[in-house]
1. From Cα pairs below 8 angstrom and at least 6 apart in sequence, can you work out the relative contact order of the range A:3-277, rounded to a whole percent?
2. Normalised by the empirical 2.2 N^0.38 Å for globular proteins, what value does the Cα Rg of chain A take?
3. Using the crude model of +1 on Lys and Arg Cβ and -1 on Asp and Glu Cβ, and no other charge, please compute the dipole size for the protein assembly as shown relative to its Cα centre, in debye to 20.
4. Counting Lys and Arg as +1 and Asp and Glu as -1, what is the net charge of the other residues whose Cβ lies under 11 Å from the Cβ of A:Arg156?
5. Between the range B:59-94 and the range A:26-100, what is the C-alpha centre distance in whole Å?
6. Please average, across the residues of B:129-136, the number of beta carbons from any other chain that are within 10 Å of each residue's own beta carbon, and give a whole number.
7. Count, for each residue of B:115-125, the Cβ atoms from other chains sitting within 10 Å of its Cβ, then give me the mean as a whole number.
8. Non-local amide H neighbours of A:Leu231 (under 5 Å, H modeled in plane, Pro and chain starts lacking H): which ones?
2 protein chains.
Amino acid sequence: MTFAERVASIQSSSGSFLCVGLDIDPAKLPGHLKNHAEPVLEFNRSIIDATKDLVCAYKPNLAFYEAMGENGWRILRETLRMIPKTVLTIGDGKRGDIGNTAAQYARALFDDLGFDSVTLNPYMGFDSVDPFLKNPEKGVFLLALTSNEGSRDFQRLKVGTMPLYEKVVRAAKKWNASNNIGLVVGATHPRELKRIRSLVPTMPILIPGVGSQGGDLAASMRDGGNAEGFLAIINASRSILYASSGTDFAAAARAEASRMRDHMQLIAQTEERAKKKR
Amino acid sequence: MTFAERVASIQSSSGSFLCVGLDIDPAKLPGHLKNHAEPVLEFNRSIIDATKDLVCAYKPNLAFYEAMGENGWRILRETLRMIPKTVLTIGDGKRGDIGNTAAQYARALFDDLGFDSVTLNPYMGFDSVDPFLKNPEKGVFLLALTSNEGSRDFQRLKVGTMPLYEKVVRAAKKWNASNNIGLVVGATHPRELKRIRSLVPTMPILIPGVGSQGGDLAASMRDGGNAEGFLAIINASRSILYASSGTDFAAAARAEASRMRDHMQLIAQTEERAKKKR
């Protein structure tokens, strides 16, 4: 099964489009965990236990683990072991380097840590992506149009008749011989998301920027999915992780994840009905 | 002293423009080290001891350490402790992410590991770079035109009248209020290096791609330096690290580093004389 097929299959069986971003900042953990021997690991375990039946993916953000040094790397490895095999893992590191270096990153993230997929930065071109494409079951999400303000600085620059991010989308399509490339498109750009989906009808699209960053959830679901309504992976991090800072943090995270999952299902069903009417 | 001033000062006092890239692949270590308790650390210690009076900087490539898991992170930290304070350290990780994540990478690389500078990918724009600019003594090298084949895929695309990489160079110049931004320009693009230096007369330029990748050392020195002949940082990795695979690897690394340092000094002096004649 190729990576794109895995995404659709997991979304279909779980009934969820939600990805929880595990961006763990030790300073933001609930106060009562701070005396725990392993506060971050305990937090991750509670979040995963409370949400694993509500999500299609978890996305640990590597920066937050690196900020904890070698201990962070161990916590990341142990966190990945807690995630059921039925849920996708996305190593969000936005790496990108020349071929022999990219091969080392692929070894670290796919072989050593065992991520199902990673995010990559396209700026250095094909040979920086290629070492990640060898196994069709493992996927990459190339940054196309990111959710942040800085996406205006270069990604939207006009190259001939189209913006740079569209060049990236078209390159990704050309490089996708093994059906294991996806894209990252921020929920803060709903119009562009619609256009990008029309260019790549069968690619997974990872969509950050709903929740704390204010992106549009309904538009992300409506315009991010493929013809069958799958392949949009909607990420939320802080709004779920830090839904409560009390001892009820896991229940609060579950409530918020459940609310988002249900809301997305409703949008998907409404959209399905609207399509049948047309 | 700002980061750019530090680079010029270290190059002036050491008489060296050479940066040794510490891209340590355990599979490539000399055979006799493999039974050592800490082969990679012992290798790094030997290379640093053998070359520290010949270089202006060391550039550990993070991918190679990440491929060793939590142990690699520890080795990286201990390696950084072996480098004299008089030599610059460049954390080559090519990171780039939204502001709150970039702040975590800055924390990991500047505060926790203690790098003097890092390489960054510009694709996500200003807010992905800004958290690294807070301390004028710590520097960033933004990828402009990289040494690899894939640099043709996006970096050279025409945006209006200029290539994308020149947009990056101009943005870097605009963002450089604290005099701590530099650029990465591959030695495999000598003509473009000359043009870029004319645009940023006072920025450090990190120049990979001589040695194993075949870039032009003479052109890199001649066209990469500022008016006083400083600020071009010429990186070599594999050609020095793996100059010999025998028990004489450290002496062979020193011989190659010395040859490169001397060659660069000669080019700099010739260039200086040529300038005086004009």
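1. Values: 509 pairs, mean separation 59.4, N = 275.
Relative contact order for the range A:3-277 comes out at 22 percent.
2. Against the empirical 2.2 N^0.38 Å value, I get 0.97 for chain A.
3. For the protein assembly as shown, the charge dipole is close to 1820 debye.
4. So the environment of A:Arg156 carries a net charge of -1.
5. When both Cα centres are located, 23 Å separates them.
6. Taking all residues of B:129-136 together, the mean is 0.
7. Mean number of neighbouring Cβ atoms from other chains: 5.
8. A:Asn226
Rule-based calculations on the coordinates, nothing more; no lab input. Not measured: the values here are computed from a predicted model. Using ideal geometry, Cβ is built from the backbone for each residue, glycine included, and neighbour counts are taken over all protein chains shown.
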